[in-house]
Amino acid sequence: MKKMKKFLAMMLAMAMVLGMSLTTFAAGATAEITVRNAGDKATFKYLQVIKADPTKETGWAFVNADVEKNYTDAFSGKSAQEVIKAMIAGNVDSQIAAALSNVQNEGYTLVEASANPFTVDAAGVYFVEGSEDGYNYTPMAAYVSFGSYVDGVPTDLEDATVEAKRSTTVVGKTSDQENAVTEIGRNVTYTISSVMPYIPTTNSNRNYVVSDTITGASYVTAADGANAGKVAVTLTIGSTVNTTVYADVTNNSFRLDLSSYLANNTYANQNVTLSYEATVTDVTVGNTVSIGNGTNDGTSVYGSDTENLYTGSITLTKYASDADNDNLTDNATLAGAGFKVSTMKDGEIVYATVADGKFTGWVNTEAAATEVVTGADGTLTIAGLADGTYTFKEVTAPTGYSINTTDTVVTLEKGTLNAENKVTAAFTGTGFMIDDTLSALPSTGGIGTTIFTIGGCAIMIIAAGLYFSLRRKTAK
């Protein structure tokens, strides 16, 4: 019995020495905690929740009773040491996530990290909270372990790494149309950009659904086969997923459910891009995307964005001659002047087709082009054009006027761009042409004819007289 008491006394002394060694060790050693896959502008705060304690069964203990309760509640009322044992054994991710959520909701005063990575000076488990514009960070836990040991005493701390668990609140929508300028009939490629969120497996609504709506354009859909009528979307996630998925189009919208890619958080924090094509059908195009929690009822969880595209229009005015050279301030305008419009595309002249004042497409011959005609006010307008240079050739003159063989050339400019180098509204251009009245032709009939008739008769009489006179002389 005395030997047993001596043994227990020695063990207690060793525990005390170990505890003192740990305290001494903790005061001098440091380790770095690195948060990977975090944004460059992310900031972090931390709080130690579990510390080394050689007096406990596991060698670890919660830093205080409040934090301990945050964990024991998440582990269905297990004792502190039972919780730590379960954490060491593993396979308790959902309980740990719930415990971290409890800590976050408690509102503890956290230590601000000066950088990423940041330095700590004690072994244990740390609660890490991230913050970044455009992102939500799920609470993280970093475990700083002991490194090597000498005679049972740890001599240093080991750096720790934790994966950022973030979901974007910023969704980007862009197009391949420079300066957001387009024209009717053009195919546009749209790109949606986002980040695959980290969603704890404990969440009951683990959904990631893309909802896209377009106006002034129509989605390019598959013509035949099993996916006929569906829009083809190229999906890329990080460097591992590159595939084509198809979505049904309803009322010029499509909804794409990507929730399956949330499984096991395999793709969490990886960049997501989706691209598809649409054909411009009107003078302005609006395209909005939202990524939500499965309902997409306008309350988007992960963000939304809009990409607007615009076209330009040209108004041409046909005037009567500017005889008084007063810059057309008082000249009559002419209805009924017909024009065909052309421009250069890829080094070739192409001609416009037009319907109801809107450009509809390009053809290769003038004969196939639409003749556009000035109205009662002497003007015509063609909308739905991109910026560029356009030639108006008169092919029909108004009644009483001749065709002007000098074409009118109009340069349509996109105007002022915003900070994103895009136009923010439709833009316009103007041009004009002046016609001349038909030249007057000489009149027929009148006194001019009478004089020539009398003169002709006189010549004939004289000629006849000479003829008979010469004949009599010859007879004698």
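Among the strands (runs of 3 or more DSSP E) contained in the stretch 300-394, which hold 2 or more residues that are β-branched (Val, Ile, Thr), free of Cβ contacts under 8 Å to residues at least 40 places away in the same chain and in contact with a strand residue (DSSP E or B) (Cβ under 9 Å, 6 or more places away or on another chain)? By residue number, 348-355. For the stretch 117-141, a residue qualifies if it is within 27 Å of Val301 (Cα to Cα), at pLDDT 90 or above and out of contact with any helix residue (DSSP H, G or I) (no Cβ under 7 Å at 6 or more places or on another chain), and the qualifying residues are Val128, Gly130, Met140. Scanning the stretch 407-415 turns up one or more residues that are among the β-branched types (Val, Ile, Thr) and farther than 14 Å from Met433 by Cα. Those strands (runs of 3 or more DSSP E) of the stretch 79-142 in which 3 or more residues are surrounded by 13 or more Cβ atoms within 10 Å (Cβ to Cβ), touching a residue at least 40 places away in the same chain (Cβ under 8 Å) and on the phi > 0 side of the Ramachandran plot are absent. In this structure, does Phe127 turn out to be in contact with an Asp or Glu (Cβ under 8 Å, 6 or more places away or on another chain) and not aliphatic (A, V, I, L, M)? So Phe127 does not fit the description; no. Across the stretch 298-333, the number of residues qualifying as more than 28 Å from Val372 (Cα to Cα) and at pLDDT below 75 comes to 5.
Here's the yes/no breakdown for (1) small (Gly, Ala, Ser); (2) touching a strand residue (DSSP E or B) at 6+ places or on another chain (Cβ under 8 Å); (3) assigned to a helix (DSSP H, G or I); (4) modelled with pLDDT under 65:
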{"residue": "Pro398", "(1), (2), (3), (4)": "no, yes, no, no"}
{"residue": "Asn421", "(1), (2), (3), (4)": "no, no, no, no"}
{"residue": "Thr430", "(1), (2), (3), (4)": "no, yes, no, no"}
{"residue": "Thr449", "(1), (2), (3), (4)": "no, no, yes, yes"}
{"residue": "Gly456", "(1), (2), (3), (4)": "yes, no, yes, yes"}
{"residue": "Ile461", "(1), (2), (3), (4)": "no, no, yes, no"}
{"residue": "Phe468", "(1), (2), (3), (4)": "no, no, yes, yes"}
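Taken over the stretch 400-419, the criterion of being β-branched (Val, Ile, Thr) and part of a strand (DSSP E or B) is satisfied by Thr408, Val409, Val410, Thr411.
The values are calculated or read from the model by the stated rules, or taken from the named source; none is laboratory data. For clarity, every value in this text was computed on a predicted model and none was experimentally measured. Glycine gets a Cβ as well: all are built from the backbone with ideal geometry, and neighbour counts include every protein chain shown.
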